[in-house]
1. For segment 85-168, list the strands (runs of 3 or more DSSP E) that sit wholly inside it and hold at least 1 residues that are touching a Lys or Arg at 6+ places or on another chain (Cβ under 6 Å); which are they?
2. What number goes with the only condition from (1) open to solvent by less than 20 Å² (accessible area, probe 1.4 Å); (2) in contact with an Asp or Glu (Cβ under 9 Å, 6 or more places away or on another chain); (3) not small (Gly, Ala, Ser) that residue 114 does not pass?
3. Exactly one condition in (1) part of a strand (DSSP E or B); (2) more than 30 Å from residue 254 (Cβ to Cβ) is not met by residue 186; state its number.
4. Could you please tell me which pairs satisfy a Cβ distance under 8 Å, a separation of 6+ or placement on different chains, a first residue in segment 71-96 that is within 22 Å of residue 161 (Cβ to Cβ), and a second residue that is part of a loop (DSSP other than H, G, I, E, B) and open to solvent by 70 Å² or more (accessible area, probe 1.4 Å)?
5. How many residues does segment 252-282 contain that are surrounded by fewer than 17 Cβ atoms within 10 Å (Cβ to Cβ), of a type in the set (Val, Ile, Thr) and over 34 Å from the mean Cα position of the chain (by Cα)?
6. What is the number of the single condition among (1) at pLDDT below 95; (2) surrounded by fewer than 14 Cβ atoms within 10 Å (Cβ to Cβ) that residue 208 does not meet?
7. Got a sec? Which of 61, 17, 53, 35 is part of a loop (DSSP other than H, G, I, E, B) and either on the phi < 0 side of the Ramachandran plot or out of contact with any Leu (no Cβ under 9 Å at 6 or more places or on another chain) (or both)?
Amino acid sequence: MKTPSAISSVRGTDFRVGVIETQSGTSSEVLTGSVEVNGERKQVKVPAGYGTVTIEGKPPVSPVKLLPPPDLSAAAHYYQNLPLVIKFTPLAGAHAYRAQIAADRDFKNLRSEFTAANLPFRDGDIPDGDYWLRVRGIDGLSIEGKDAVIAFALNAYPEAPFILAPLPGGMAEPEKQQFKWAAQTDVSHYAVMVSKDADFSSSLYFNPEVKENSVTLSESLPPGHYFWRIFAVSAREGAGPFSDTMAFRVPYPAPAVGEAKLDDNKMTFAWRAAVEGQSFQFQFARDKEFTHIIHDESTTASQVTIAKPDSGTYYLRIKTIESDGFQGPWGSPQAIEVPFGISYWFMLLMLLPLLVLI
């Protein structure tokens, strides 16, 4: 085998020859058997497990031991996203790496090949399927080491849809929770899971045949913390990967406020008692939009007393605040009529004519 910088002679062996473009040189790496490399009237015999480099105009360097195979025990065997993020332990002595992805174990049907100096690798515009990954280290002389090979599978399509509600870390409705996502073309249906645990070991809801881009639970979840995820299914690609696990919260609904107790100078409103650690925020306003708030109070009690306002129509609302500070939704505004009040002095003035007649 002739190159501009070297001639390699071989019999019954397994070896690699590469061109080092940056140095106008040739690398020779022997895996089994032996190879004789000639350059500038010097011959070097390279045994199995060694390699040499020949720079144009210079003789071959003395054989150096090939780097061992990288440790791919930390590399994933199953991927659900592209680009592939291939992680493994850095190899001592490696200045770079060569990676190859093939559809067959013999690497005759290469789907991707690249070199990289940094870890992890990021590569891949390949369809779903079963593949083989081959990686070797490259030393400071640009000699490539021994291969490490593992099998892996890719299931990235169809991609999980974009989420609309509840968003990760967001809040669902207090009752009849609804889950929404963006509609996808070429998708036949979706599968939705809801769980109390992040690992979905205790599934509360699973529907593998959701035809639309939303689903409403027939039985409401009680207040608390939950997780949900979704995947899409298409006729061409089958079931795609799950979305990321998304945490959400079902809030405590705002308590219903009972009938107000009116006295001469004050008004008292009451509602259900708080669960341990809860508090409430109460607002009393002139308008149902609550732009003109007369009274705003946070309390751990189950009632609040305010000064009695002038006669007219007023609005009140309340929301629950949980022990970690999370605020539930405002309850529906409630209207209340404050009647025209007759004061003590007004009553005396009305009685004066009667006193004169007596």
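The values are calculated or read from the model by the stated rules, or taken from the named source; none is laboratory data. A quick note: this is a predicted structure, and the numbers were derived from the prediction, not measured. Heads up, the Cβs are rebuilt from the backbone with ideal geometry, glycines too, and the neighbour counts pull from every protein chain shown. All accessible areas refer to the heavy atoms of the entire protein, side chains included, with ligands and DNA or RNA removed. Shrake-Rupley method; radii C 1.70, N 1.55, O 1.52, S 1.80 Å.
1. Filter on segment 85-168 gives 96-102, 110-116, 129-138, 148-154, 163-165.
2. Going through the list (1) open to solvent by less than 20 Å² (accessible area, probe 1.4 Å); (2) in contact with an Asp or Glu (Cβ under 9 Å, 6 or more places away or on another chain); (3) not small (Gly, Ala, Ser), residue 114 breaks only (1).
3. All conditions are met except number (1).
4. 82/125; 83/125
5. Of the residues in that region, 1 qualify.
6. Going through the list (1) at pLDDT below 95; (2) surrounded by fewer than 14 Cβ atoms within 10 Å (Cβ to Cβ), residue 208 breaks only (1).
7. Only one candidate passes the filter, namely 61.
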